[in-house]
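Working notes, structure below.
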Amino acid sequence: MSPKKVYKKVEVKGMSNSLKQHYEDKVRPYIDLVDSLRSLGVEKDLNLPAIAVIGDQSSGKSSVLEALSGVALPRGTGIVTRCPLVLKLKRVEKCATWSGLLTYKGQVKDLHKPSDVGKAVSDAQNVLAGDGKGISQEMISLEIKSSEVPDLTLIDLPGIARVATDDQPFDIEKQIKDLIEKFIKRQETINLVVVPANIDIATTEALKMTKKMDPNGQRTLGILTKPDLVDKGAEKSVVNTVNNQVIPLKKGYMIVKCRGQQDINENLSLSIALQKEEVFFQEHPHFRPLLEEGKATVPILAERLTRELVEHINKLLPQLHKQVEVKLEKTVNELRGLGDGVPQEEIGRNNFLVGKISNFNQVLTDMMRAEEDTQKSEPKVFTKIRKEFGKWKEQLDDKAIRLEQNLQVEVEEYTKTYRGKELPGFVNYRTFENIVKKHVQELEQPAIQLLGNIIEIVHSCVNKLVSSHFEAFPHLLRAAKEPIEDLLEQEHGKALERVQSQFKMEKMVYSQDGLYSRQLEAVKQKPEPAKMYLNSKGYLVTKTVSADVREMAQHLNAYFLITSDRLANQVPLIVQYHVLDQYFSQLQAAMLSMIGSQNAEKLIQEDSGVAHRRRSLKDRLERLRKARQLLSKSLCLSHM
Ligand code: GDP
Ligand code: MG
């Protein structure tokens with residue numbers, strides 16, 4: 001009995017004219033786009049849309065890939081796929097001959113017939129992952145051009161092994177899972193999960209992993225294999241699985257039959273195997289409906305995958321475009337940071353050093369004047385310094401307020417302890433002096449701290465500046481670091497000495513008569529706050545303050561206001577003079593002295609890595625620009 005041809009024959013080769021037109025219009029451009037991006041080498045910069053094939057060991061991954069590509073991949077028991085293999089399938093004109101290109105670790109190998117592939121891939125794996133049974137994260141890329149393949153890019157990954165055998169690393173399972181995760185977690189990847197139809201699908205590790213990375217199954221398509229090995233009576237549950245009723249996935253399932261071990265032993269060709277697959281589904285009482293619904297056979301899978309990939313690419317286009325824009329900007333900035341490199345001729349080289357140093361010095365001058373260009377979020381050096389000065393003023397004001405509140409108590413305590421024979425009302429100048437000295441002393445540490453903070457700010461800014469200017473010139477950088485550190489330390493020392501002598505001077509207690517009288521008058525004019533306190537019985541009572549205590553407190557208050565104003569200006573002036581003014585001008589002089597020095601030639605020797613980096617950044621710039629152009633064009637098309 002010849003089977004009725006109820007299934008839709010989906011063969012890309014024999015497409016009807018309108019289908020072919022549709023393919024050329026809607027499919028080809030996207031596949032070509034990703035292909036062009038890939039051949040530009042953009043994969044180094046971002047993840048391109050791809051389909052990753054994952055599954056437990058011996059689930060039939062390689063068999064599916066073989067059936068799709070028409071190329072025999074290495075087979076055997078245990079872990080056969082030991083490196084990620086990118087299988088790029090490119091359909092070409094019918095008359096064109098088959099060609100293959102294997103690339104790994106900078107090596108390129110031409111392949112002339114499908115039967116060369118198996119050995120070439122296993123040789124490449126041995127190079128990357130060693131002769132043993134280990135695995136490697138490094139990619140092997142296999143590009144196949146043929147009239148028999150669909151336009152697809154698939155990534156074959158090692159199968160998930162549960163137990164390590166003797167000659168495998170003990171953590172092989174973790175290594176493989178890490179590798180697989182790296183691929184399936186990418187938004188750009190469609191996960192093709194291969195599961196044998198003759199086992200309980202719920203137990204497969206691969207499906208568990210994709211569930212974790214893609215919980216809603218948005219990017220996951222299930223493939224059941226080995227339908228010919230399903231036990232009698234179990235067919236119904238397989239059909240339910242394919243109909244998405246067991247473990248539902250957004251993209252659902254498909255079922256295929258590949259070459260079994262016996263087929264391989266008998267050297268059954270891949271094309272005959274496809275024919276046999278077709279017949280198998282046509283004649284199968286349970287699975288035939290799946291064929292009718294377009295959920296079975298390798299050719300339909302190929303068509304489905306191409307469609308999925310195209311939709312996926314279309315969806316990712318805006319995102320890819322954006323990523324390229326961001327990378328481009330970063331690359332341009334980085335290139336700018338590296339500069340143009342040193343000229344060859346002597347005059348040019350001299351001028352180059354002069355230019356480098358005067359640019360650096362100019363920025364120092366700008367910093368001193370608070371006129372430097374700054375990055376978006378980074379404030380100017382002087383802005384940071386001014387903030388510290390502001391804090392210093394706040395500290396002084398705080399102290400003045402606290403003093404005003406507590407002076408009477410303090411004076412009372414002091415007189416109680418140190419009073420001599422004198423009657424009340426005889427204000428003791430020594431007491432006044434002692435209290436003044438004690439409080440001024442308390443300000444010395446905060447002033448030194450302020451100096452330390454400013455030193456830190458300037459140090460970090462100058463360090464950043466010198467690195468950004470001389471990064472590419474290790475000798476120059478090293479030569480500059482020396483005066484940067486030494487001179488700052490020197491000026492730190494000088495400023496510290498001055499701040500300390502200021503505080504020594506403050507202990508002399510001095511103010512111009514006129515100034516002092518005015519301040520004292522102002523203090524006396526101020527209404528005195530009523531001093532209330534709770535007495536031992538818990539009543540709120542007014543405190544009586546003796547006349548001499550009040551008088552002394554007023555004097556102290558007046559004097560502190562004067563000292564505080566003096567220190568508020570004086571300490572920042574000292575700090576600024578040494579840490580900004582003196583330090584920067586001496587640093588500039590030190591930098592200029594390098595120009596005529598004997599080792600000037602050495603100073604502009606570029607770091608060997610830099611030229612290389614510049615080259616690779618330029619390459620990246622070029623390829624990203626081309627990629628942007630391609631993507632913009634495709635974005636326009638997809639909106640049409
Ligand atoms: P991988 O480890 O996931 O790559 O699995 P393979 O593709 O190497 O397949 C494991 C074994 O299952 C091989 O012996 C295949 O011939 C066999 N196999 C794969 N698909 C089918 C199928 O549809 N039917 C039968 N009977 N055997 C299959
Ligand atoms: Mg395999």
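The values are calculated or read from the model by the stated rules, or taken from the named source; none is laboratory data. Bear in mind that the values here come from a model prediction, so they are computed numbers and not experimental data. Positions of Cβ are backbone-derived with ideal geometry, glycine not excepted, and every protein chain shown enters the neighbour counts. SASA here: full protein model, heavy atoms, side chains in, ligands and nucleic acids out. Shrake-Rupley method; radii C 1.70, N 1.55, O 1.52, S 1.80 Å.
Structure above, values below:
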quantity	calculated
Any hit, the stretch 565-583, residues being out of contact with any Lys or Arg (no Cβ under 7 Å at 6 or more places or on another chain) and small (G, A, S)	no
Within the stretch 25-59, considering residues that are away from ligand 1 (no atom under 16 Å from the Cβ) and acidic (D, E), the one nearest to the chain's Cα centre (by Cα)	D45
Tabulated pairs, the stretch 54-76, first under 12 Å from L87 (Cα atoms), second within 11 Å of ligand 2 (Cβ to nearest atom) and among the basic types (K, R), C-beta under 9 angstrom, 6+ apart or interchain	S62/R75; E66/R75
Which numbered condition P150 misses (of (1) open to solvent by less than 80 Å² (accessible area, probe 1.4 Å); (2) assigned to a loop (DSSP other than H, G, I, E, B); (3) over 26 Å from R28 (Cβ atoms); (4) more than 16 Å from ligand 2 (Cβ to nearest atom))	(3)
Filter result for G339 (at pLDDT below 90 and within 18 Å of L476 (Cα to Cα))	yes
Breaking point among (1) surrounded by 13 or more Cβ atoms within 10 Å (Cβ to Cβ); (2) farther than 30 Å from R336 by Cβ; (3) among the polar types (S, T, N, Q); (4) without any contact (Cβ under 8 Å) to a residue 40 or more places away in the chain, for N463	(2)
Flag if T210 is within 16 Å of ligand 2 (Cβ to nearest atom), farther than 27 Å from S115 by Cα, polar (S, T, N, Q) and in contact (Cβ under 8 Å) with a residue 40 or more places away in the chain	no
Meets criteria (surrounded by 14 or more Cβ atoms within 10 Å (Cβ to Cβ), without any contact (Cβ under 8 Å) to a residue 60 or more places away in the chain, charged (D, E, K, R) and within 16 Å of ligand 2 (Cβ to nearest atom)) for K133	yes
Residue among L249, L320 that alone is assigned by TED's automatic domain parsing to the domain that holds S59 and not charged (D, E, K, R)	L249
Residue among A129, A197 that alone is more than 25 Å from L102 (Cβ to Cβ) and aliphatic (A, V, I, L, M)	A197
Out of V549, V545, sole residue that is surrounded by 17 or more Cβ atoms within 10 Å (Cβ to Cβ), farther than 30 Å from K327 by Cα and at pLDDT below 90	V549
Residue in the stretch 22-32 that is at pLDDT 85 or above, outside the structural domain of R219 (by TED's automatic domain parsing) and crowded, with 20+ Cβ neighbours inside 10 Å present	yes
Hits in the stretch 138-154 - residues which are modelled with pLDDT under 85 and aliphatic (A, V, I, L, M)	V149, L152
So K109, is it within 16 Å of ligand 2 (Cβ to nearest atom), of a type in the set (K, R) and modelled with pLDDT of 80 or more	no
Within the stretch 286-306, tally of residues that are of a type outside the set (V, I, T) and either surrounded by 21 or more Cβ atoms within 10 Å (Cβ to Cβ) or without any contact (Cβ under 8 Å) to a residue 40 or more places away in the chain (or both)	9
Residue under evaluation D56, criteria (1) modelled with pLDDT under 85; (2) under 21 Å from I255 (Cβ atoms); (3) open to solvent by 10 Å² or more (accessible area, probe 1.4 Å), criterion not met	(1)
Condition broken by S62, with the remaining ones in (1) of a type in the set (S, T, N, Q); (2) buried (at least 21 other Cβ atoms within 10 Å of the Cβ); (3) away from ligand 1 (no atom under 16 Å from the Cβ) satisfied	(3)
